[in-house]
1. Output the residues belonging to the range 533-547 that are surrounded by 23 or more Cβ atoms within 10 Å (Cβ to Cβ) and of a type in the set (A, V, I, L, M, F, W, C).
2. Within the range 490-508, identify whether any single residue is in a loop (DSSP other than H, G, I, E, B) and of a type outside the set (Ser, Thr, Tyr), and answer yes or no.
3. Which of the residues spanning the range 629-644 are closer than 12 Å to residue 306 by Cα, in contact with a Leu (Cβ under 7 Å, 6 or more places away or on another chain) and not hydrophobic (A, V, I, L, M, F, W, C)?
4. Hey, among 583, 575, 627, 595, which residue is part of a helix (DSSP H, G or I), out of contact with any helix residue (DSSP H, G or I) (no Cβ under 6 Å at 6 or more places or on another chain) and not aromatic (Phe, Trp, Tyr)?
5. Does the range 643-656 include one or more residues that are touching a helix residue (DSSP H, G or I) at 6+ places or on another chain (Cβ under 7 Å), over 27 Å from residue 709 (Cα atoms) and of a type in the set (A, V, I, L, M, F, W, C)?
6. Checking residue 488 against (1) of a type outside the set (A, V, I, L, M, F, W, C); (2) free of Cβ contacts under 8 Å to residues at least 60 places away in the same chain; (3) exposed (fewer than 15 other Cβ atoms within 10 Å of the Cβ), which single condition isn't satisfied?
7. Checking the structure you have, find out if any residue of the range 645-660 is closer than 17 Å to residue 434 by Cα, out of contact with any His (no Cβ under 7 Å at 6 or more places or on another chain), among the polar types (S, T, N, Q) and in a strand (DSSP E or B).
8. Has the range 444-462 got at least one residue that is at pLDDT 95 or above and within 18 Å of residue 561 (Cβ to Cβ)?
Amino acid sequence: MTVDIIHIRNMIVVFLLMALSVNTECAKETPKRCQIVHQNKYTDVPCVNLGGYRYAELPEAATVLQTSELPKDPRLMPEIGNGHIATVIQGDSMFMNGLYNGYNCTSHRARIASTCGVITECLTNCSSRIYKLDLARGIFIERYDGDGFYMEIRTYAHRVLNRLFVVEIEMSRQGNQNVTMGIKVNSGKPSTDIKYNTQLKHLNNGKILVGRTTEPEYPSIVGTIPVGIIYDDVPDNITIPNGISAMTVYFFTGISLQSSESITYYDKGMELMVNRTLLSTHVDAWMDVWNKGRIDVEGNDDLARTNYASLYYLLSSLPLQRDQHNWPFWGLAPCGLAHGDIGDYLGRKFWDQETWMFPSILLLHVDISKLIIDSRVRKLTLAQANAGFRGYKGALYPWETAFTGLEVDCPGSMGFSEFHLSSDISFAIRQFFYLTNDTDFILHEMAGETMLQIAEFWESYVYLNPTTNMYEFNNVTGPDEYNVGVNNSVYTNILAGMCLQSAQMAGKMMGKETPKVWQDIQDRLYIPYDKDTVYHPEFDGYKIGTSIKQADVILIGFPFMYKYESDEARRNDLNIYEKVVGNGPAMTWGMYAVNWLELGGNKNHADELFLRGTKNVQKPFYTWTENADGSGAVNFHTGMGGYLQSVIYGYGGFRINENSLNFNPQMLPGTSRWNITGLDYRGNSLDFSFQENEMFVTLTNRTSTVVKIYLYKDETTKILSSTSQTFPVQKAEITVE
């Protein structure tokens, strides 16, 4: 008798009874009888490893977050995701990339009542229970052990079949004792964001929900969004049948625009399950991600976990490639894909994406980073419309966007003057081009046109002061949202000037003549600067001692690499604003650390600031909160992005320049060695390892004819190869020919 795989119109509960050769003390002997059960159709199968279960080849101490007690605050539970769908473990909500509901400024990520938020209970005499977030394999594990038996629940968002959530409940025993697990699904209240027009029931009792969001964001632009959810009811309990030694029960949930697409992914999932590769393909995909880009730390397990967890959560909200079904990536929200409540910024997209999360993904996973930038470039016409609505030319990207790409911030809010977002986008495009030399992106994929249109907006917004004969930008709000509608924000003005410079570069590449006034604005752009105190007032009229919300002026040093008037001016900026920033959100302190590390002479203070930023990490699952006391948004991807930048660009000292990749490494606090695997530059991949006095560089993938390293202190140039080369620690730069 064989398993009957039927191409059906819904997700079903599949009972797969099998033996798994797992490293456990209670399953020392091979079970004598194992079965596959599919909708009450039984088949005896060989008692071999059917699940493809294996541990990833990464340091377990850094990648397995284990605890015997879940957080008392359910907000701090970890998440699983694959860039298309995501959920918080045991949470009552599931979310899909690009699925938003609500008119205008009420638009938010549409909540789908969970069908995979499984909460289990051992109904047998269990002696222990542990919970694990396996970062390396992208799986959450709940494990019960007893006398001669174990039960393990694995939940994951499949990394390859990215429309599927999978819950596996594995049960194994040595004898004939009763082994039963109780189950319930935390679905919460019915969703008010989706109206289901059709509920179908197929011959095997599976369910299909077909519906649409209830309210379009801008009805004149696009209507409500369709969604198809395919799932099956979960039983109240599972017991190993008589005569069976081991079994695994599978529950699938499929979410997509159309139920037909979910069915397609379901069919693929069933095929992988029967071929015993469902879990292994998921794990292999995650391993491929880690092998392409990661950070490892020796001597400080806590820091190592923070690195892996931060990168894991960011990658869980990102797809691996362009979508095959014409449903593109909508972008990164401050709390990722698994959150969408009011307190979590409603799942909307802000400057957080380009300024905080993008830079680390850029160096470690350049292909994925292009999808982030593309989420902006695709919305250029909407940014042009937004500028037109306000009476300006060019493109002005809205402060908050959700589905359409139009503004969803409420009228009158501070976001209506945070024009710097457009500059953040232009700078991100420039950094991507410098790193990749992807001329097609500039010439043929609208990135160059985006830079031109942003510059055109700044030209139309600029004011020529007749008294000083200098150009100004008035009534703007910088990153410091405590001071709204100011004149001549240092951050805003400097970035606007950089936009004009970048647009001239793009115009030259595209064969377009750019307005001469763009260069004139750069030459006569007013930047507030106090020569007596030797510092940059945040804006016109700023008084030293005035409280600010977060890092603002200091960001001109990094990430924007502004050429300071002097080291004294940069040092004064850091000292003056550090005293008035208060507690600051998670990413603030990492940026202070990066700037102090680059300035030099005060590494101990830089270390203190860096570690202060890690206080926003909430154990045991290393989730991030916006504030160190646990308040604010959760799981704060913006803070993770800022933290990872402080590691790569701070202690690694990496800088992306027009024709080189520079670095100047220093030791992370409490570490004996730390490594960056798979750093991307011009199509090449490099591994770096840093110790107190030595650094090691290996060219692991070559596309350029020659890849060179120039050592500043030694004043020598070496050609890099696939063999690791050792150098004394010093500033260096990578170039290609």
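1. 539
2. No: the range 490-508 contains no residue that is in a loop (DSSP other than H, G, I, E, B) and of a type outside the set (Ser, Thr, Tyr).
3. 641
4. 575
5. No: zero hits.
6. (3)
7. Within the range 645-660, not a single residue is closer than 17 Å to residue 434 by Cα, out of contact with any His (no Cβ under 7 Å at 6 or more places or on another chain), among the polar types (S, T, N, Q) and in a strand (DSSP E or B).
8. Checked against the condition, which is being at pLDDT 95 or above and within 18 Å of residue 561 (Cβ to Cβ), the range 444-462 yields at least one hit.
The values are calculated or read from the model by the stated rules, or taken from the named source; none is laboratory data. Source: prediction; values computed, not measured. Positions of Cβ are generated from backbone atoms using ideal geometry, with glycine treated the same way; all protein chains shown enter the neighbour counts.
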